[in-house]
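Here is the structure we will look at, set down as structure tokens.
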Amino acid sequence: MSLFDSLKSKTSHGVSKALSNTEKALRKAEINRQIAKSRDELDALCLQFGRIVHHAGVAAEAEVRSFLESTHAIEVAIAENLDKVKDLEETNDREGDETFTKTLCAHCGAEILPTQKFCGGCGVTLHSN
Ligand SMILES: [Zn+2]
């Protein structure tokens, strides 16, 4: 064991006994200063962190609003197109689209569409007009 290690060992073992009350008070004051300094550093970092979070929140708010505006515009466009499809379907139902107008099979009376080549009821060959 080196002299330094020996001294360090003795010092750490007998540190309380070896120090006078004055020395203890001075060390305690120094340690308390270090603690206060560390707390100040911590406070400064927390303040900095708070500012970062605040700015991120402000930035995110604008970004979120922008996204909401975009998605809302798309949703409105979809709703408008769905209305258009509904209108077209209702128009079909009211006026009757020729391609979907049902007629009856002359042979068996089953409902047939103009697009059918054979009757679904009796299987007779249908002639397109
Ligand atoms: Zn038929």
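The values are calculated or read from the model by the stated rules, or taken from the named source; none is laboratory data. Keep in mind that this is a model prediction, so the values were computed, not measured. Virtual Cβ from ideal backbone geometry, glycine too; neighbours counted across all protein chains shown.
Looking at (1) at pLDDT below 90; (2) within 16 Å of the ligand (Cβ to nearest atom), which one does D87 not meet, given that it meets all the others?
Of the numbered conditions (1) at pLDDT below 90; (2) within 16 Å of the ligand (Cβ to nearest atom), the odd one out for D87 is (2).
Considering (1) surrounded by fewer than 10 Cβ atoms within 10 Å (Cβ to Cβ); (2) of a type in the set (D, E, K, R); (3) modelled with pLDDT of 90 or more, say which one E98 fails and leave the rest.
(3)
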